[in-house]
1. Would you kindly work out the equivalent ellipsoid of the range 268-427 from its C-alpha gyration tensor and give its semi-axes, the square roots of five times the eigenvalues, largest first in whole Å?
2. Using only Cα atoms, find the angle between the long axis of helix 268-280 and the longest principal axis of the chain, and express it within 0 to 90 degrees, rounded to the nearest 10.
3. For 351, 181, 67, what's the fewest-to-most ordering of other Cβ within 10 Å of each Cβ?
4. If contacts are Cα pairs under 8 angstrom and at least 6 residues apart, what is the relative contact order of the range 1-136 in percent?
5. Mind pulling the angle between the C-alpha long axis of helix 389-404 and the longest principal axis of the chain? Nearest 10 degrees, somewhere in 0 to 90.
6. With 10 angstrom as the radius, rank 313, 408 by how many other C-beta atoms surround their C-beta, starting from the fewest.
7. Compute the whole-percent fraction of alpha carbon pairs in the chain spaced more than 38 Å apart.
8. If you fit an axis through the alpha-carbon atoms of helix 21-40 and take the longest principal axis of the Cα set of the chain, what angle between them do you get, 0 to 90°, nearest 10?
């Protein structure tokens, strides 16, 4: 996994560095100059404008300017602020770094010029083709458009200070337990308590997602629903319309995870049963969709995985997500004592101690009804396969997003995803 440091964590890493700041600035500036030369393709006859502020970010830019001049590039260094920059081939945005607060009026970039941002595009208003950062990724690189992002090594030990990490493909394949020769279906069984009479779409998507992600057996209980459509591998369990937790709890003696919520609807009775299962389940519980809506505000859900989108987060936390999605997920995880999977273009998964995994595999094609139901099934399967809640949730989100990339860019539907997930996992 790739370490991701907040500005505060990065500041502490800088302050603990074994070498003086001017040495680190020289290394950073050299990395910026190398990136600039790659973007230019050649030195002689090219023109670069460096927008350099007063802090370390600006110092990095001035070091880069000096090195580029030595290589034969014509360089102009200007102060930050609203202005029309002179004609050039490349603009280096070294105005301010991740510690910048407030608003920023960026200079006007000449037509045809590319932009190289140092650390981050300043103020979130500069449009960068490439961003070069140092030692570790920062949250802004994952939650806003920074162009292509490169991490340069300048001799700082960022990994030791990281509490958040970006998930990569290899992390998933290394962590998922393989199925042994003596495996049987109950070893990775998942129970799905979801849906309502006539509302079979969501629970069947959950079940299909779980099976394609490696659950050997899915038992499906729809409160009050006895009309399961034919042709599905999930095994229907008779669950009454009310008091249904009594029917679900005995099922969990042999299952390894419970997925709770999609399609249940909202009612006092549903809320009572959901809260009871969250409190009494002997196996890890994934709570999604109507399960979340029935939990109420700031519930205690120790050991569970909660999977809210922004509106569900607001109902659970009592306030909107806000601009800092990493902090928001951490706050709700601490308040609920659960692992929180906050859905988004970059998904944040946090556990109560603040450790967080970030998933940048999501894509716009997933913005269609039912894809979240499939995701909850994958989380349930990964829990049943033995992964801890943080890893199960984060790796499921990564697989879910990555698998979507194997499907249609336009017209992807939730029903496509389970087979794409199995294809991705089998690669």
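None of the figures in this text is laboratory data; all of them are computed from the coordinates on show. The structure displayed is predicted, hence computed values, not measured ones. Neighbour counts are summed over all protein chains in view; Cβ atoms, including those assigned to glycine, are modelled from backbone coordinates with ideal geometry.
1. Gyration-tensor ellipsoid for the range 268-427: 24, 17, 15 Å.
2. Relative to the chain, helix 268-280 is tipped by roughly 80 degrees.
3. Details: 351 23, 181 4, 67 19.
Going from least to most buried by this count: 181, 67, 351.
4. Working: 257 pairs, mean separation 30.3, N = 136.
Normalised by residue count, the contact order of the range 1-136 is 22 percent.
5. Roughly 80 degrees, rounded to the nearest 10.
6. So the ranking, lowest neighbour count to highest, is 408, 313.
7. Here the tail beyond 38 Å accounts for 32 percent of pairs.
8. It works out to around 90 degrees.
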